[in-house]
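Peer 1: The structure follows.
Bear in mind that the values in this text are calculations on the coordinates, not laboratory data. Since this is a predicted model, take the numbers as computed values, not measurements. Cβ atoms come from the backbone with ideal geometry, glycine included; neighbour counts cover every protein chain shown.
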Amino acid sequence: MRAPHIVVVGGGILGCTIASRLLEREPRARLTLVDRGLIGSGASMYSAGVHFPVGRSERVRRLSAASADYYQTLSAGHPQLPMHGFDFFVAADAADAEAVRARCAGLLPVTAEERLSLASDLPAGRELWRLPACHVTDVQALALWQARRLRERAEVLEGVGVEALDEGADGVRVVLSSGRTLAADAVVLAPGPWANEGCWRELTAALGIRVKKVVALHLQRPPEEGRALFFPVEDAFLAPLPHRGHWLFSYTCQQWDPAPEAGRLEAREIAEAREALLGVAPALAPLLGSGRVFCDAYSPSREPLAQYVGRHQRILFVGAGNGSGYRLAPGIAAEAVALLNPTLTNG
C-alpha cells in the first residue's frame, strides 16, 4: 500500500505537534512541514507556555486533560525539556465558587499556611483553592525540539510560503513560493493567527474566525518568590517563568481584528493591564512595566476548530486556539489525526 503524503502548513507548536502525532499514528507516512518563517517564530514565540487543567466546556476540559497527560509523558521521557511544574492557586469570590469548581478539574483545599502566604498579594475575602499538576514551558524551544526530531523522518521547510492549494478528489496540489509543487494526499492548515490570510482565506471564510490581540505583562519578580495565581472569573493569571527569570501576568485584552503580526507594547496596554491587576492582586501592580504583544485566532464558539474546509475532505483546518494553543495542542492534534485516519489508512 502506498505511503500517504501529508503536508502540514504552519510550524508553530500546533503544527509541530500535529506532525509529531501523525508520525506516531502512521510511521510510514511521508510528511512535509512548511512554515512561512522559522519554526516557532510566530505566536509560539510569544506564548506564555502555561498549562493548567481548566475549560469552559466539556470538550475543552477533555482536550486540556488529554494535553496534560501527553505533556506529562513527554516530560518524563525527555527530562531535558524546559518544563517546570508547579501548583496554581485559584482565587474567586464566594458567589462564583460553584462555577469555578465546574471549570477547574481537581481543585484541592488550601492549608492555613498557604492562605497566609497569599495574603500579601490578594484582596481580603476571596475563596482560595489549589490546582495541582500545572506547568510552564518555553513554547518556541519545545517547537524547535519537535522540529529537530521531525527532520529525522520528515521534510521541514522554513521561509517557504504556500502560494496555491488546488484540491481534487484524489489529492491536493500545493504550490510553494520556492517554485516547488507538492502532490499531497491531504493538507493540514495550522496557520495560527494567519487563519484568514493567504491562498486559503476563501476556504476559512465560512468558519467565522477573528483575530484578537493578546497582551501579557512581565513582572520584575524572581520566579522562586510568590505563588502562581489563576483568576477564572477575570480570565487572568500570574505565573513564574523560570526559563526567563521573571513573572508574567496575562489578562484579557479586547482589541479585535488587528494585523496578525506581533506588535509593540503600548502605554495604554500597560495601563489596562495594571488596572486589571489592581482588581485581583493590587500589591503586585507596581511591578508591571514591560511585556509582550502578539495575536491569536478565535472561533465564534471560543473552542478550537478541527474540520475539513475543502470540497473533497482533503484540506483540514486546525486552529483557532483562542489564546490556549499550547495548553490544548496535543488534544487538538489528536482530533486532527483522527479526522485524517481514512487518508492515513488508505493512502
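Peer 1: Please report the projected area of the range 260-347's Cα convex hull averaged over all directions, in nm².
Peer 2: One quarter of the hull surface, i.e. the mean projection, equals 8.3 nm².
Peer 1: If each DSSP helix of 4+ residues adds -39,500 (n - 2.57) and the sum is divided by the residues in the chain, what number results at 222 nm, nearest 500 deg cm²/dmol?
Peer 2: -9000 deg cm²/dmol
Peer 1: How large is ³J(HN,Hα) for each residue in the range 112-127, as worked out from phi by the Karplus curve 6.51 cos²θ - 1.76 cosθ + 1.60 (θ = phi - 60°), to whole Hz, x for Gly and Pro?
Peer 2: Along the range 112-127, the couplings run 4, 5, 5, 4, 5, 5, 8, 4, 6, 8, 9, x, 5, x, 8, 6 Hz.
Peer 1: Find out how many positive minus negative residues lie around Trp200, taking Lys and Arg as positive, Asp and Glu as negative, among other residues whose Cβ is under 13 Å from that of Trp200.
Peer 2: -2
Peer 1: How much length would be gained if the chain were fully extended between Arg173 and Ala3, taking 0.36 nm per residue of separation minus their Cα-Cα distance, in nm to one decimal?
Peer 2: In short, 59.5 nm is gained.
Peer 1: Let me ask you something else. What are the equivalent ellipsoid semi-axes of the range 123-222, built from the alpha-carbon gyration tensor (square roots of five times its eigenvalues), in whole angstrom, biggest first?
Peer 2: Those come to 38, 20, 14 Å.
Peer 1: Under the definition of Cα pairs under 8 Å and six or more residues apart, what whole-number percent is the relative contact order of the chain?
Peer 2: Relative contact order comes out at 25 percent.
Peer 1: Could you give me the ³J(HN,Hα) list for the range 257-266, computed from phi with Karplus coefficients 6.51, -1.76, 1.60 and θ = phi - 60°, whole Hz, x at Gly and Pro?
Peer 2: 3J(HN,Hα) across the range 257-266, in whole Hz: 6, x, 5, x, 5, 5, x, 9, 6, 9.
Peer 1: Once phi is turned into ³J(HN,Hα) by the Karplus curve 6.51 cos²θ - 1.76 cosθ + 1.60 with θ = phi - 60°, what whole-Hz value does each residue of the range 224-231 show in order, with x for glycine and proline?
Peer 2: Karplus-based 3J(HN,Hα) across the range 224-231 equals 7, 9, x, 10, 5, 10, 10, 10 Hz.
Peer 1: In whole angstrom, how far apart do the alpha carbon centroids of the range 173-236 and the range 291-325 sit?
Peer 2: With the range 173-236 and the range 291-325 each reduced to a Cα centre, they are spaced 7 Å.
Peer 1: Then there's this: How much of the pair distance distribution for the chain lies past 31 Å, counting alpha-carbon pairs only, in percent?
Peer 2: Summing the P(r) of the chain above 31 Å gives 33 percent of all pairs.
Peer 1: Same structure, new question: Can you tell me the length gained on complete extension of the stretch Glu152 to Glu127, counting 0.36 nm per residue apart and subtracting the Cα distance?
Peer 2: 4.0 nm
Peer 1: Then there's this: About the Cα centre, and with charges only on the beta carbon of Lys, Arg (+1) and Asp, Glu (-1), how big is the dipole of the range 1-137? Nearest 20 debye, please.
Peer 2: Computed about the Cα centre, the dipole is about 780 debye.
Peer 1: By Kyte-Doolittle mean hydropathy of at least -0.5 and Cα axial length of at least 15 Å, which whole DSSP H helices of the chain are selected?
Peer 2: Qualifying helices: 13-25, 139-150, 267-280, 325-346.
Peer 1: Compute the normalised compactness of the range 181-227: alpha-carbon radius of gyration over 2.2 N^0.38 Å, N being the residue count.
Peer 2: Taking the Cα Rg and dividing by 2.2 N^0.38 Å, one obtains 1.97.
Peer 1: On the first, second and third principal axes, largest extent first, how far apart are the outermost C-alpha atoms of the range 169-279 in Å?
Peer 2: So the three principal-axis extents are 56, 28, 26 Å.
Peer 1: What does the charge count around Arg153 come to, taking other residues whose C-beta lies under 14 Å from its C-beta (Lys +1, Arg +1, Asp -1, Glu -1)?
Peer 2: +3
Peer 1: Taking amide hydrogens as modeled 1.01 Å from N in the peptide plane, which residues meet the under 5 Å criterion relative to Cys253, leaving out close sequence neighbours?
Peer 2: Val215
Peer 1: Counting Lys +1, Arg +1, Asp -1, Glu -1, what net charge surrounds Ala48 among other residues with beta carbon under 12 Å of its beta carbon?
Peer 2: +1
Peer 1: If each Cα of the range 15-72 is one equal point scatterer, what is log10 of I(q)/I(0) from the Debye formula at q = 0.31 Å⁻¹?
Peer 2: Listed by q, the Debye log ratios stand at -1.14.
Peer 1: Sticking with this structure for a sec: In square nanometres and to one decimal, what's the mean projected area of the convex hull around the Cα atoms of the range 1-155?
Peer 2: That works out to 11.6 nm².
Peer 1: Something else: With both partners inside the chain, how many of the DSSP beta bridges are antiparallel, as a percent to the nearest 5?
Peer 2: Looking only at bridges with both residues in the chain, the antiparallel portion is about 75 percent.
Peer 1: Using amide H atoms built in the peptide plane, which far-off residues or other-chain residues are under 5 Å from Cys134 H to H?
Peer 2: Those lying under 5 Å, H to H, from Cys134 are Phe86, Phe88.
Peer 1: Using modelled backbone amide H atoms (1.01 Å from N, in-plane), which distant-in-sequence or interchain residues come within less than 5 Å of Gly323's amide H?
Peer 2: Amide H to amide H, under 5 Å and 5 or more residues apart or across chains, Gly323 pairs with Ala297.
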